[in-house]
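Take a look at the structure set out below.
The values are calculated or read from the model by the stated rules, or taken from the named source; none is laboratory data. Values in this document were obtained by computation on a predicted structure and should not be read as measured data. Positions of Cβ are generated from backbone atoms using ideal geometry, with glycine treated the same way; all protein chains shown enter the neighbour counts. Accessible surface is based on the protein model in full, side chains and every heavy atom, while ligands, DNA and RNA are left aside. Shrake-Rupley method; radii C 1.70, N 1.55, O 1.52, S 1.80 Å.
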Amino acid sequence: MLGLLVFPGGLFALMVGLFLKGLDRRIEARLQRRVGPPLIQPYLDIAKLFTKETVMPASANRAAFLLAPLLGLTGMAVCAALLPVPGVSGGLPAMGDLLVIFYLLPLPAIALMVGGSASSSPFGAMGFSREMTLMFAYEMPLLAVMLAVAMKVGMATGGGAEFSLANIVDYQLATGQLAFDPVMIPALLAYLLFLPGTMGTVPFDVPEAETEIIEGPLLEYSGPALAFFHITSALKTVVVLGLGVALFLPGTVPGGIVANIPWFVLKCAVLMAVSLTLVKSATGRFRVDQAFTFYLKYPSVLALASLVLAWRGM
């Protein structure tokens, strides 16, 4: 319970996730020659939402409308607890935890779809359709990336595919980080391209698209219910960035816990800046068909290339 509620999941993941959200907004503003909000703005936004009232449409399905935010929050809290923090914690021990994370990662998207459809808003229904289409597109390269890493580590250790994140991290600490292995570079690129899709940022923000469908599934949410969606997004930020660190860049620095926690956060921040902040600052929104085609053409091909090379033992 301590790992789930405090560290490496729970409170630690939430604080880091909100900090990364604030840093993302700050860097984006600077790139666009704006001042931007303070780094603590996401914390203030969450606190303010908890002081507001949750307003629900009269025609909404009350149970589904209120439970949807908790669905995504629970899934991301478990994922955050499973993540290792290299040099600090191995995460909650679990056999096949890489596959557990794969199955839990879609829960925030499913929660958005459930909440959007339960609100009875036409914008929510449109967001539901777009989110489902996009989710089918980016889940395939994610699975291929995970299998490529599992196969690479498993073949190198003389067994089958290795799905334990702790073992994957230990292997890289002993032999070198997979980000610098030529076989795994396509998988790393595919993972970087996967991140903006799963986080719903430009150019893949089609399910919410403020200028088109006015936040889509989130349009009718307010107060604590909306705060839970924002908390889920913060936790998911840590999960997907921390997963990238564990899969490709789990190197540690001398100094124990005191040095390796900031080192972990720094690596997450660098991945965020490269794959999320810079991309959304320089691109415009795709149409949903363009986003779907993009994931089938590029990240999927890159991830499958690494998977085939790892399977052949190269």
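For this structure, a couple of remarks:
- Between helix 256-272 and the chain there is an angle of about 60 degrees, using the helix long axis and the longest principal axis of the Cα atoms.
- Proximal lysines to Lys52, defined as alpha-carbon separation beneath 26 angstrom and excluding residues fewer than eight positions away on the same chain: Lys21, Lys236
- Electrostatic dipole magnitude of the chain [Cβ: Lys, Arg +1; Asp, Glu -1; Cα centre; debye, to 20]: 520
- Kirkwood Rh in Å, taken over the stretch 73-115 so that all alpha-carbon pairs contribute: 11.1
- Tensor-based shape of the stretch 233-314 (alpha-carbon gyration tensor, a/c under 1.5 rounded, otherwise prolate or oblate): oblate
- Straight-line cross-link reach from Lys297 at under 16 Å between alpha-carbon atoms covers no lysines, not counting any fewer than eight positions away in the same chain.
- In degrees, nearest ten, helix 288-297 long axis to first principal axis of the chain (Cα): 10
- Maximal additional length on extending the Ile185-Val253 stretch stands at 22.2 nm, based on 0.36 nm per residue less the C-alpha distance.
- For the stretch 65-224: accessible area per residue (Å², 1.4 Å): 36
- When a 1.4 Å probe is rolled over the protein heavy atoms, the share of accessible surface on the stretch 1-98 that falls to carbon and sulfur comes to 68 percent.
- Overall form of the stretch 1-135: oblate. Here a/c, set by the Cα gyration tensor axes a ≥ b ≥ c, is 1.5 or more, and a/b is not larger than b/c.
- Computed across the stretch 31-98, the Kirkwood hydrodynamic radius from all distinct Cα-Cα pairs reaches 16.2 Å.
- Size of the chain from its Cα atoms: along the principal axes, largest to smallest, the extents are 60, 43, 42 Å.
- For the stretch 163-273: rounded, prolate or oblate by the Cα gyration tensor [a/c cutoff 1.5]: prolate
- Cross-link reach list, aspartates and glutamates versus Lys280, counting only Cα pairs under 19 Å and skipping chain neighbours closer than eight places: Asp24, Glu28, Glu131, Asp205, Glu208, Glu210, Glu212, Glu215, Asp289
- Kirkwood-Stokes translational diffusion coefficient of the stretch 59-169, alpha-carbon pairs, 4 °C, 1.567 mPa s, µm²/s: 83
- Solvent-accessible area, 1.4 Å probe, carbon plus sulfur percent, for the stretch 161-314: 69
- q = 0.09, 0.11 Å⁻¹, the stretch 106-234: log10 I(q)/I(0) [Debye, one scatterer per Cα]: -0.36, -0.51
- Solvent-accessible area per residue for the stretch 1-42 (1.4 angstrom probe, square angstrom): 57
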